[in-house]
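**Student:** Dumping the structure here so I can ask a few things about it.
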There are 2 protein chains.
Amino acid sequence: MADDVFKALADPTRRLILDELTDRSGQTLFEICGRLVAKHGLGLSRQAVSQHLAVLEAAGLVSTRREGRYKFHDLHTEPLEHIVTRWLAQPDQEGRTP
Amino acid sequence: MADDVFKALADPTRRLILDELTDRSGQTLFEICGRLVAKHGLGLSRQAVSQHLAVLEAAGLVSTRREGRYKFHDLHTEPLEHIVTRWLAQPDQEGRTP
DNA sequence: TTGATAGGCAAGTTGCCACTTGCCTATCGT
DNA sequence: ACGATAGGCAAGTGGCAACTTGCCTATCAA
């Protein structure tokens, strides 16, 4: 469960995809490809991006909806809120006020 | 920078080590090894744990201090606080109260 | 000083992951 | 109907990362 989220976040390309979906949610595969090439200059195939999106979807970070021949990708940030608090439970490092 | 943190968190064994250091900070290598074996039943060598600790230290999640022949490992949670907010900047998904 | 404890260094192996390549299906415009 | 656009499936490849193995150094107790 949390394992999928951490593995999804481990790849820098996937984090860039999350950035682009944060900027504008509901993009298609080709739009994301275009943005990654234009804004970040990284040259990867369409299949690579498609596989990255599959990983993000398996982690629950992206949901998809199909309309005609288009498939839109929406961002889901909920899984991100509950994974770091696991080690952040302590209120303060030193000098906790009782 | 953030890349090291995400890569460090990608491994489940390293996340367990962070759990143990959250439970009690300032443990030695052998103590961590013992806990991983006893509480989680995973059989890995001392070298494996040592290498995991090196990755965590490179990511800034663990700091070490030497005393005699002992080397204590302390938890550092600061890098965890600034990595997820990158996509969590939006206050709410839908129905934000104005 | 000797043995035991705590840890480090370096080479080797194995398995997984990111990426490519080639071909296929489905929807839309004209 | 036909071509163009949007996307999917599956096998293959290269590189890295996790782990092991073997040996070495340093500190402490007796």
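The values are calculated or read from the model by the stated rules, or taken from the named source; none is laboratory data. Not measured: the values here are computed from a predicted model. Ideal geometry is used to build each Cβ from the backbone, glycine not excepted, and the neighbour counts take in all protein chains shown.
**Student:** Answer yes or no: is there a residue in the range A:28-41 that is surrounded by 13 or more Cβ atoms within 10 Å (Cβ to Cβ), without any contact (Cβ under 8 Å) to a residue 24 or more places away in the chain, over 15 Å from residue A:72 (Cα atoms) and within 14 Å of another protein chain (Cβ to nearest Cβ).
**Tutor:** The answer is no, given that none of the residues of the range A:28-41 is surrounded by 13 or more Cβ atoms within 10 Å (Cβ to Cβ), without any contact (Cβ under 8 Å) to a residue 24 or more places away in the chain, over 15 Å from residue A:72 (Cα atoms) and within 14 Å of another protein chain (Cβ to nearest Cβ).
**Student:** Is it the case that the range A:4-11 has a residue that's facing chain B (nearest Cβ under 8 Å), surrounded by 18 or more Cβ atoms within 10 Å (Cβ to Cβ) and aliphatic (A, V, I, L, M)?
**Tutor:** Yes: the range A:4-11 contains one or more residues that are facing chain B (nearest Cβ under 8 Å), surrounded by 18 or more Cβ atoms within 10 Å (Cβ to Cβ) and aliphatic (A, V, I, L, M).
**Student:** Hey, among the residues in the range A:56-71 that are in contact (Cβ under 8 Å) with a residue 40 or more places away in the chain and not small (Gly, Ala, Ser), which one's farthest from residue A:7 (Cα to Cα)?
**Tutor:** A:70
**Student:** Of all residues in the range B:51-70, how many are away from every other protein chain (no Cβ under 14 Å) and either within 8 Å of DNA strand D (Cβ to nearest atom) or aromatic (Phe, Trp, Tyr) (or both)?
**Tutor:** As a first pass, look at the range B:51-70 and keep what is away from every other protein chain (no Cβ under 14 Å): B:51-54, B:57-58, B:64-70.
Now drop any that are not either within 8 Å of DNA strand D (Cβ to nearest atom) or aromatic (Phe, Trp, Tyr) (or both), which leaves B:51-52, B:67-70.
The qualifying residues number 6.
**Student:** Does the range A:14-27 hold any residues that are within 11 Å of DNA strand D (Cβ to nearest atom) and buried (at least 16 other Cβ atoms within 10 Å of the Cβ), and which are they?
**Tutor:** A:27 - this is the single residue of the range A:14-27 that is within 11 Å of DNA strand D (Cβ to nearest atom) and buried (at least 16 other Cβ atoms within 10 Å of the Cβ).
**Student:** Any idea which of A:88, A:16 is of a type in the set (A, V, I, L, M), within 15 Å of the chain's Cα centre (by Cα) and under 25 Å from residue B:4 (Cα atoms)?
**Tutor:** A:16
**Student:** Run down A:83, A:32 and say which single residue is at pLDDT below 95 and under 25 Å from residue B:1 (Cα atoms). I'd like the intermediate steps shown before the answer.
**Tutor:** Numbers: A:32 fails: at pLDDT below 95.
None of the others qualify; the one that does is A:83.
**Student:** Being under 24 Å from residue A:85 (Cα atoms) and in a strand (DSSP E or B) is the filter here; which residues of the range B:30-70 pass it?
**Tutor:** B:62, B:63, B:64 - these are the residues of the range B:30-70 that are under 24 Å from residue A:85 (Cα atoms) and in a strand (DSSP E or B).
**Student:** Which one of A:17, A:83 is touching a helix residue (DSSP H, G or I) at 6+ places or on another chain (Cβ under 8 Å) and within 15 Å of DNA strand C (Cβ to nearest atom)?
**Tutor:** Step by step, each of A:17, A:83 is checked, and only A:17 is touching a helix residue (DSSP H, G or I) at 6+ places or on another chain (Cβ under 8 Å) and within 15 Å of DNA strand C (Cβ to nearest atom).
**Student:** Take the residues in the range A:10-29 that are assigned to a helix (DSSP H, G or I) and among the acidic types (Asp, Glu), then tell me which one is nearest to residue A:71 (Cα to Cα).
**Tutor:** Residue satisfying both the conditions and the ranking: A:20.
**Student:** Residue B:27 fails exactly one of the following numbered conditions: (1) at pLDDT below 95; (2) more than 22 Å from residue A:83 (Cα to Cα). What is the number of that condition?
**Tutor:** (1)
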